[in-house]
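Derivation of every value follows stated rules applied to the coordinates shown; laboratory data play no part. These numbers come from a predicted model, not from an experiment. Quick reminder, even Gly has a Cβ in these numbers, built from the backbone with ideal geometry, and neighbours come from all protein chains shown.
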Amino acid sequence: MFKVNDNYLKLPGSYLFSTIGKKVKAYEAAHPDKKVIRLGIGDVTQPLAPAIIEALHKAVDEMGKAETFHGYAPDLGYEFLRNAIAKNDYADRGCPIGPDEIFVSDGAKCDSGNIQEIFSTDNKIAVCDPVYPVYVDTNVMAGRTGVYDPSTETWSDVIYMPCTAENHFVPELPKETPDLIYLCFPNNPVGSAITKDQLQVWVDYANKVGAVIIYDAAYEAYISEENVPHSIYECQGARTCAIELRSFSKNAGFTGTRLGFTVVPKDLKSGDVSLHALWARRHGTKYNGAPYIVQRAGEAVYSPEGKEQLKKQVAYYMNNARVIKDGLKEAGYTVAGGVNAPYIWLKTPGRMTSWEFFDYLLENANVVGTPGSGFGPSGEGYFRLTAFGSYENTVAALERIRKL
Ligand SMILES: Cc1ncc(COP(=O)(O)O)c(C=O)c1O
């Protein structure tokens with residue numbers, strides 16, 4: 001008789017966004033006359049930029065002719081894309097990352113979930129609290145997290161690093177030494193950023209204790225402040241302790257088109273074993289590459305026209321962030337985030353729990369957000385709104401919230 005991977009059975013409840021989806025669906029079914037505005041899930045709403053559409057069309061036409069048809073992509077991704085990434089995201093920022101250290105994929109969710117596979121199950125992970133749920137859940141699936149305590153909503157073998165108003169939503173170094181440290185900046189869900197000096201402390205720490213930092217920079221394009229690093233490789237010594245995850249979802253609207261990449265520097269080693277070689281082995285064995293047409297679309301993100309158009313797209317969302325932040329402040333809410341990230345993290349009013357505020361907002365303002373507690377225990381009493389809606393919906397949502 002077959003047996004299942006019973007680590008999956010340890011996962012508590014359903015995925016946060018399916019619970020939200022069910023609640024919203026039930027509300028809409030019961031109130032078909034209400035127009036619900038969704039500022040919950042971090043999905044973009046603006047169409048792909050013209051430079052990207054043009055590249056897609058061109059690549060589709062190439063696929064229709066024998067002379068320019070493309071089959072399986074090279075293991076690491078096409079060189080034209082890896083060269084564009086290495087130049088624009090790394091060389092131009094003074095980061096010593098070569099094209100052959102870049103692994104193109106279909107997005108950062110898969111990579112952030114899969115990367116743990118190349119590490120021993122004995123490794124201890126440290127995560128921010130609250131946190132993007134994928135980091136913890138995929139380690140649960142791998143059997144790395146110990147026993148779940150429903151009363152505290154924590155795992156016995158996970159080091160939680162609270163991100164609270166007191167530390168300005170940037171974690172302090174953990175007391176217990178981790179092997180793998182997940183950091184995400186600009187942060188989802190709290191919308192905070194880390195300065196270069198603060199990140200350097202983490203890099204020095206990881207090198208000292210022999211830990212690896214898995215640095216998720218999916219929201220890098222939203223950075224507006226000078227002292228905030230776009231890549232962990234802007235810090236000295238990061239090549240020996242850090243893996244970086246990037247996505248085209250939020251900087252270029254590829255949530256439905258799918259493209260991302262992971263950087264594993266060749267200097268990152270456990271004894272003689274290169275993590276680059278292990279990830280290359282995994283990538284080559286389990287993955288057959290992002291589509292040619294999508295990689296061409298990714299290349300267009302770095303063209304002069306693409307850059308210009310995407311700068312405007314990011315500015316559009318960040319204007320929404322400003323509308324949300326200012327509107328909430330005027331309404332008397334305590335808010336964080338929204339400066340270097342498209343997320344606004346607000347304190348729920350009174351003594352409302354995150355889910356109580358979710359229901360309150362859905363029922364009274366017909367606005368959907370995300371309960372902070374869904375991202376971890378330190379998220380209780382907080383709520384996340386995203387700047388990814390349309391400007392019109394964002395303004396309408398804030399008008400409704402202000403009237404509550
Ligand atoms: C922190 C973080 N990492 C990764 C992802 C996933 O990105 P992708 O669309 O590239 O899979 C998200 C998506 O919301 C995210 O918030």
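Note down the net charge around residue 323, summing +1 for each Lys or Arg and -1 for each Asp or Glu among other residues with Cβ under 14 Å from its Cβ. Kindly include the intermediate steps, with their values, before the conclusion.
Values: positive: 322, 325, 329, 400, 402; negative: 326, 330, 392, 399.
Net charge around residue 323: +1.
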Cβ charges +1 (Lys, Arg) and -1 (Asp, Glu), total dipole of the chain, debye: 700 debye
Relative contact order %, region 308-404, counting alpha carbon pairs below 8 Å whose residues are six or more apart: 32 percent
Of the listed links 124/175; 34/403; 325/403; 22/403; 124/208, those spanning more than 19 angstrom between alpha carbons are 22/403
For the residue 236, residue 281 Cβ pair and Förster radius 35 Å, calculated FRET efficiency rounded to 0.05 is 0.75
Between residue 173 and residue 29, what is the label-to-label distance in nm when each label sits 7 Å out along the Cα-to-Cβ direction? 5.3 nm
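Tell me, what is the FRET efficiency for residue 19 and residue 403 to the nearest 0.05, using R0 = 25 angstrom and their Cβ-Cβ distance as r? Can you show the working numbers first?
Details: r = 27 Å, r/R0 = 1.08.
Once rounded, the FRET efficiency stands at 0.40.
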Beta bridges by DSSP in region 53-303, antiparallel share as percent, to the nearest 5: 40 percent
Over the Cα atoms of the chain, compute the convex hull volume and normalise it per residue, giving Å³. 171 Å³
Would you mind giving the average projected area, over all directions, of the Cα convex hull of region 1-135 in nm² with one decimal? 16.0 nm²
Output the relative contact order of the chain, whole-number percent, from Cα pairs under 8 angstrom with separation of 6+ residues. 23 percent
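Compute the FRET efficiency between residue 305 and residue 390 as 1/(1 + (r/R0)^6), taking r as their Cβ-Cβ distance and R0 = 22 Å, and round to the nearest 0.05.
Details: r = 23 Å, r/R0 = 1.06.
Once rounded, the FRET efficiency stands at 0.40.
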Gain in length, residue 227 to residue 353, computed as 0.36 nm per residue apart minus the alpha-carbon separation, to one decimal in nm? 41.9 nm
CD proxy, 222 nm, the chain: helix-only mean residue ellipticity via -39,500 (n - 2.57) per DSSP H run with n ≥ 4, per residue, nearest 500, stands at -11000 deg cm²/dmol
